[in-house]
Amino acid sequence: MTQQPQREEKTSVLDHLRELRRRLLWSIIAVAIATCVCFFFVEDIFAILKEPVGDIELVFIEMTEGFSTYMRVSLAAGIVLAMPFLVYQFLMFVLPALTTSEKRMVYVILPVITVMFAAGVFFGYRYLVPPAAGFLLGFGADLAEPQIRMSNYVNFITRLLLAIGIMFELPVVTSFLARMGIITSKWLADRRKMMIIFSFVLAAFITPTPDAVNQSIVAGTLIVLYEISIWTARLVQRRRATAVAQVESPPVQP
């Protein structure tokens, strides 16, 4: 009597694994195609990455460094280019297991995550990379001429932009947790002083320069994002409380 449910459960697990394998295969193919396309425009991508720093000549000192850096940049750009398709594959895999309300929440939060990440990358690219690179290149320039390796520069700018982009997801994450009832705006507000200290500590790790100006820019941005998180959590709580009240108190029939 118990063999039939076990077989059905085993079959269901195998079906999920096959579906996951199919989605991963399509995702890998999409990234590979996008990477090949970006490889033909890698010089233009390099020009975009170098634009915030200004006129800088990059060098490489290893036989494979130039090619490996080109491939690394092409892969990163290919992932960004294929991201809509990757998100689509992820949604097609997880949505059947979600409830109607959870699906609605996913549809709302995914575009917001994309927009906030792009806003963080733009902020870092436009307002953080130029002063940070200027400080690093200018420090000691009167003693020696700076010669920056390609791989070092690419690692520097991509790591910094990625960190700032993730940092901009803070309001989205807190809004989602507030919607699920895990945290409240009061819980966030009570930890405001702790967050201010943590912002400057985190800025010291994110910012590649030891000067107070760049660190203050990062810390100040994180503090503003935290205040926005408190406001959005409060707004989500009010909407959640209104929805619960409507469910618990149906309209009186005449």
Among (i) 23.0; (ii) 22.0; (iii) 18.0, which is the computed Kirkwood radius over Cα pairs in Å?
(ii)
Evaluate the distance, in nm, between pseudo-label points positioned 7 Å from the Cα of residue 158 and of residue 55 along their respective Cα→Cβ axes.
2.8 nm
For helix 212-248, report the angle its Cα long axis makes with the longest principal axis of the Cα atoms of the chain; keep it between 0 and 90° and round to the nearest 10°.
10 degrees
At R0 = 45 Å the Cβ-Cβ FRET efficiency linking residue 103 and residue 139, nearest 0.05, sits at 0.30
Folded to 0 to 90 degrees: helix 150-167 orientation relative to the chain principal axis, Cα
30 degrees
Per-residue HN-Hα couplings for the stretch 29-35 [Karplus 6.51, -1.76, 1.60; θ = phi - 60°; Hz; x = Gly/Pro]
4, 5, 5, 5, 5, 5, 5
Between residue 147 and residue 71, what FRET efficiency comes out of the Förster formula 1/(1 + (r/R0)^6) with R0 = 25 Å and r the beta carbon distance, rounded to 0.05?
0.65
Residue-normalised 222 nm signal for the chain, counting each DSSP H run of n ≥ 4 as -39,500 (n - 2.57), nearest 500 deg cm²/dmol, is -26500 deg cm²/dmol
Describe numerically, in nm with one decimal, the distance between label points set 7 Å from Cα along Cα→Cβ at residue 201 and at residue 224.
2.4 nm
Just want to confirm a number: the relative contact order over the chain, from Cα pairs under 8 angstrom separated by 6+ residues, in percent.
20 percent
Ranked packing of 53-61, 167-175, most packed first, by mean Cβ within 10 Å
167-175, 53-61
In degrees from 0 to 90, rounded to the nearest 10, what is the angle of the helix 192-206 Cα long axis to the longest principal axis of the chain?
40 degrees
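Rule-based calculations on the coordinates, nothing more; no lab input. Model, not experiment: these values are computed from the prediction. So basically every Cβ, Gly included, is an ideal-geometry build from the backbone, and we count neighbours across all protein chains shown.
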